[in-house]
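Student: Sharing a structure with you now.
What follows draws every value from the coordinates through simple rules; no lab data is involved. Computed from a predicted structure; not experimentally measured. A quick note on method: Cβ atoms are made from the backbone with ideal geometry, for glycine too, and the neighbour counts reach across all protein chains shown.
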There are 2 protein chains.
Amino acid sequence: MRAMSFEKPVIAIVGAGAVGAFYGAKLARRGFDVHFLLRSDYAVVRQRGWTIRSKDGDFALAPDQFRVYNDPRAMPKADLVIVTLKATSNDVMPSLVAPLIKDDTIVLTMQNGLGNEELLAQHFGAERVVGAMAFVCINRIAPGVVHHIDQGFVRVGEFISAPKDRTRRIAEMFELSGIDCKVLDDLARGRWDKLIWNIPFNGLGAALDLDTQQLLKTEAGERMVRGLMQEVVAIAKARGIEFPPDQADKKVAITKPMGPYRTSMQIDRQEGRLMEVEAIIGYPVKIADELGVPVPRMKMIHECLALINASISAG
Amino acid sequence: MRAMSFEKPVIAIVGAGAVGAFYGAKLARRGFDVHFLLRSDYAVVRQRGWTIRSKDGDFALAPDQFRVYNDPRAMPKADLVIVTLKATSNDVMPSLVAPLIKDDTIVLTMQNGLGNEELLAQHFGAERVVGAMAFVCINRIAPGVVHHIDQGFVRVGEFISAPKDRTRRIAEMFELSGIDCKVLDDLARGRWDKLIWNIPFNGLGAALDLDTQQLLKTEAGERMVRGLMQEVVAIAKARGIEFPPDQADKKVAITKPMGPYRTSMQIDRQEGRLMEVEAIIGYPVKIADELGVPVPRMKMIHECLALINASISAG
């Protein structure tokens, strides 16, 4: 496998919802050669470009500053494929990514939860897979219009190895484009650390339709949140990833001042859209079962979310 | 203990929400001597009486057809106390009932769930306790105004014995007042049978904020409903109450044609009122623990409901 060209890499963004649009637009604004694969917003974005309303300053990206497609077979082979599909669409992900792959293509998943790197590795080989976590509060508010509300930093790491030159170069591309992006020595550790927060606040919060403040304002709620966090910590430990004993305390402490924050999963539920249940909680439960780690609270919440999702699918 | 006077019994209704108002008004309309203990609706009902909008025919009860109080110490001692408090107010129940008790007073609880007879027995002696289940869909829609939407039948049974004369006489009083009321040979069996329905549809439904149709329209939901029903059946069995193997099938079958039915607990949650969590699910979980019956689903739902209730209390 040759090294990716970083002189003028061809970058494909697969599934440009809010996250793909935001980071892709930042890369394109910096002059990178960005090719977006869109579905519902294709016609609007092709005509009007992207509009980014950001707490860091609004900007627009004209249609001649990037390329847009609604069929991956019309796209050039890419040096870097950035997958920003919602994980609920992962069943179509391999067929969307396959036409973009050449010998030295790197595939970067910026999706939520677990199992996304594994899926890419299974289809395209583990050595080309890189993972990123986007810590960003962002919404698509209209076709082609994205509202960047808070945060925005990215962490990137290798799926099956320590950081390489390519990992650092991807981080540099983001940094050059005005995005805080650091390299993680251990991507899996970063993903599990994020799950310690996501499983109670996205998972439990969406199941019960309670925001972070409602979950934490009572002892009973905080106890349940901490119980779920401890289950996540226990799975990570069985995988060889140890967190300090006060990791749950720290997560609770940073969340309390956030006020009544609705997670993406709670918002998806409220708006009748499928929630990313399997990536955020189903896959971790599967790993717990394989490792023999008891996670009764996570299992129950997973079952509840699965049934709410099924109810949303059934319409 | 002397037998209750059924010539002209003094009937006290303690906590006249929708259920107490509805049945009390029917008894008073038939000419029984009914004394209502009210809190929030006291002034309005004293002035305007009760208005019952019923699927069986609307009726009004003028203020001179009954007596109304806002302090139990102002009430006469009763031959029959009917407790229709919401079970979430059970901490004040003994102090409301105590002033009404004389040597031969019978206390009839028409509350939901488990533990209400036990609480009365603990304070006033088990031999005077009778229990009733009201199968009724009813709402208080304004002060003094109750909307009777569906059903309405009552089942009455002794707490610690087989039916007695007094049990049959209470049923007769209801029947005379136009209420379908039969005597149960085994009140506990009736209560557990009702819980087989209430724990999934009230409990799970309120925790996830899903109505009966949303719970049953998917396989995942029906599986969870049935899983909860089996846990309830298992506790009852450990208590010596056996249900036929198809009891859950029957409950599911009668519920499917009901359409999108919101239980009282889901409505309480949506309107920000305390849910009857302990009576409907907390007390059964406590019994399961005492008997060593594993009820992991019920425990988790109980914890979730407790935290939602705590969040409602905290306002």
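Student: Explain nothing, just compute: Karplus ³J(HN,Hα) = 6.51 cos²θ - 1.76 cosθ + 1.60, θ = phi - 60°, for every residue of segment A:100-106 in order, whole Hz, x for Gly and Pro.
Tutor: Once rounded to whole Hz, the list reads 9, 8, 10, 3, 10, 5, 9.
Student: Right, another one. If one takes the longest principal axis of the Cα atoms in chain A, at what angle in degrees, from 0 to 90 and to the nearest 10, does the Cα axis of helix A:18-29 lie?
Tutor: The helix A:18-29 is inclined about 40 degrees to chain A.
Student: Something else about it: Give the angle, between 0 and 90 degrees and rounded to the nearest 10, that separates the Cα long axis of helix A:296-314 from the longest principal axis of the Cα atoms of chain A.
Tutor: Once rounded, one gets 50 degrees.
Student: State, to one decimal in nm and shortest first, how far the label point of B:P99 sits from each corresponding label point in the other identical copies (label point: 7 angstrom along Cα-to-Cβ).
Tutor: Result, one decimal in nm: 8.1.
Student: Provide the per-residue ³J(HN,Hα) series for segment B:129-136, in order, calculated from phi with Karplus coefficients 6.51, -1.76, 1.60 and θ = phi - 60°, each as a whole number of Hz, with x at glycine and proline positions.
Tutor: Whole-Hz 3J(HN,Hα) from phi for segment B:129-136: 8, 10, x, 9, 10, 9, 9, 8.
Student: What's the exposure ranking of A:R168, A:R29, going from fewest to most Cβ atoms within 10 Å?
Tutor: Fewest-to-most ranking of A:R168, A:R29: A:R168, A:R29.
Student: Okay, next question. Find every distance from the label point of B:Y69 to the corresponding label point in the other copies (7 Å from Cα along Cα→Cβ) and write them in nm, one decimal, shortest first.
Tutor: 8.2
Student: Just for the protein assembly as shown, what percent of DSSP beta bridges are antiparallel, to the closest 5?
Tutor: 35
Student: If you don't mind, there's one more thing I want to ask. State the dimensionless ratio Rg/Rh of segment B:1-123 (Rg: radius of gyration of Cα atoms; Rh: Kirkwood radius).
Tutor: Using only Cα positions, Rg/Rh for segment B:1-123 is 0.95.
Student: Over all distinct Cα pairs, what is the inverse of the mean 1/r for segment A:26-67, reported as the Kirkwood hydrodynamic radius in Å?
Tutor: For segment A:26-67, the Kirkwood estimate is 10.8 Å.
Student: When a/c reaches 1.5 or more, the comparison of a/b and b/c decides; with that in mind, is segment B:115-274 rounded, prolate or oblate per its Cα gyration tensor?
Tutor: Judged from the Cα gyration tensor, segment B:115-274 comes out oblate (a/c at least 1.5, b/c at or above a/b).
Student: With respect to the symmetry axis carrying chain B onto chain A, which residue of chain B exhibits the smallest Cβ distance to that axis, and what is the value in whole Å?
Tutor: B:M300, 2
Student: Counting helices only, and only those DSSP H runs with n ≥ 4, report the 222 nm mean residue ellipticity of chain B as the sum of -39,500 (n - 2.57) divided by its residues, in deg cm²/dmol to the nearest 500.
Tutor: Calculated from helices alone, the mean residue ellipticity at 222 nm is -12000 deg cm²/dmol.
Student: So how tilted is helix A:219-238 from the main axis of chain A? Cα-based, degrees 0 to 90, rounded to 10.
Tutor: 60
Student: Considering only the label points, 7 Å along Cα→Cβ from Cα, what distances in nm to one decimal separate B:H123 from the same position in each other copy, shortest first?
Tutor: Spelled out, the distances from B:H123's label point are 6.4 nm.
Student: Please give the FRET efficiency for B:I267 paired with B:F59, using the beta carbon to beta carbon distance and R0 = 25 Å, rounded to the nearest 0.05.
Tutor: 0.55
Student: In peptide B:204-213, what is the residue-averaged number of other protein chain Cβ atoms found within 10 Å of each Cβ?
Tutor: 3
Student: Under 13 Å between alpha carbons: how many lysine pairs meet that in segment A:189-313, if sequence neighbours fewer than 8 apart on the same chain are excluded?
Tutor: So the count works out to 4.
Student: So who's got an amide H within less than 5 Å of the one on B:I106, skipping anything under 5 residues away but keeping other chains? H placed 1.01 Å off N, in plane.
Tutor: Placed amide hydrogens put B:L80, B:V81 under 5 Å from B:I106.
Student: Something else: Neighbouring Cβ atoms within 10 Å as the yardstick, rank A:V277, A:V293 fewest first.
Tutor: The most exposed by this proxy come first: A:V293, A:V277.
Student: Follow-up. If each of B:K237 and A:K182 carries a label point 7 Å out from its Cα toward its Cβ, how far apart are those two points in nm?
Tutor: 5.5
Student: Using only the Cα atoms of segment A:75-144, what are the Rg and Dmax in Å?
Tutor: For segment A:75-144, the Cα radius of gyration and maximum Cα-Cα distance read 12.5, 37 Å.
Student: Now for a different question. Take B:T255, B:T212 and order them by how many other Cβ atoms sit within 10 Å, fewest up front.
Tutor: Neighbour counts put them in this order, fewest first: B:T255, B:T212.
Student: Further, regarding this structure: What is the Cα convex hull volume of the protein assembly as shown when expressed per residue in Å³?
Tutor: Hull volume normalised by residue count: 174 Å³.
Student: I need the shape label for segment B:60-183. Rule: rounded when a/c is under 1.5, else prolate if a/b > b/c, else oblate, with a, b, c from the alpha carbon gyration tensor.
Tutor: Rounded, since a/c falls under 1.5.
Student: Which one, A:T167, A:T218, A:T88, has the greatest fluctuation when you compute a Gaussian network model over chain A with C-alpha springs under 10 angstrom?
Tutor: Among A:T167, A:T218, A:T88, the largest mean-square fluctuation in the Gaussian network model of chain A belongs to A:T218.
Student: In straight Cα distance, which lysines are under 30 Å from A:K77, not counting same-chain residues fewer than 8 positions off?
Tutor: Straight-distance partners of A:K77: A:K8, A:K26, A:K86, A:K102, A:K164, A:K182.
Student: Continuing with the same structure: For segment B:189-313, what size does the Cα cloud have along each of its three principal axes, sorted from largest down, in whole Å?
Tutor: The principal-axis extents, from largest down, are 38, 33, 24 Å.
Student: For A:D249 and B:A98, FRET efficiency with R0 = 45 Å and r from the beta-carbon atoms, rounded to 0.05?
Tutor: 0.45
Student: Also, quick follow-up: Going by a ≥ b ≥ c, the root eigenvalues of the Cα gyration tensor, does segment B:164-256 fall in the rounded group (a/c under 1.5), the prolate group (a/b larger than b/c) or the oblate group?
Tutor: Working: a/c = 2.84, a/b = 1.75, b/c = 1.63.
Since a/c reaches 1.5 and a/b is larger than b/c, the shape of segment B:164-256 is classed as prolate.
Student: Follow-up question, since we're still on this one. Report, as a whole number in µm² per second, the diffusion coefficient that Stokes-Einstein gives for chain A at 4 °C and 1.567 mPa s using the Kirkwood radius over alpha carbon pairs. Intermediate results must be reported in sequence, preceding the final value.
Tutor: Values: Rh = 20.0 Å.
The calculation lands on 65 µm²/s.
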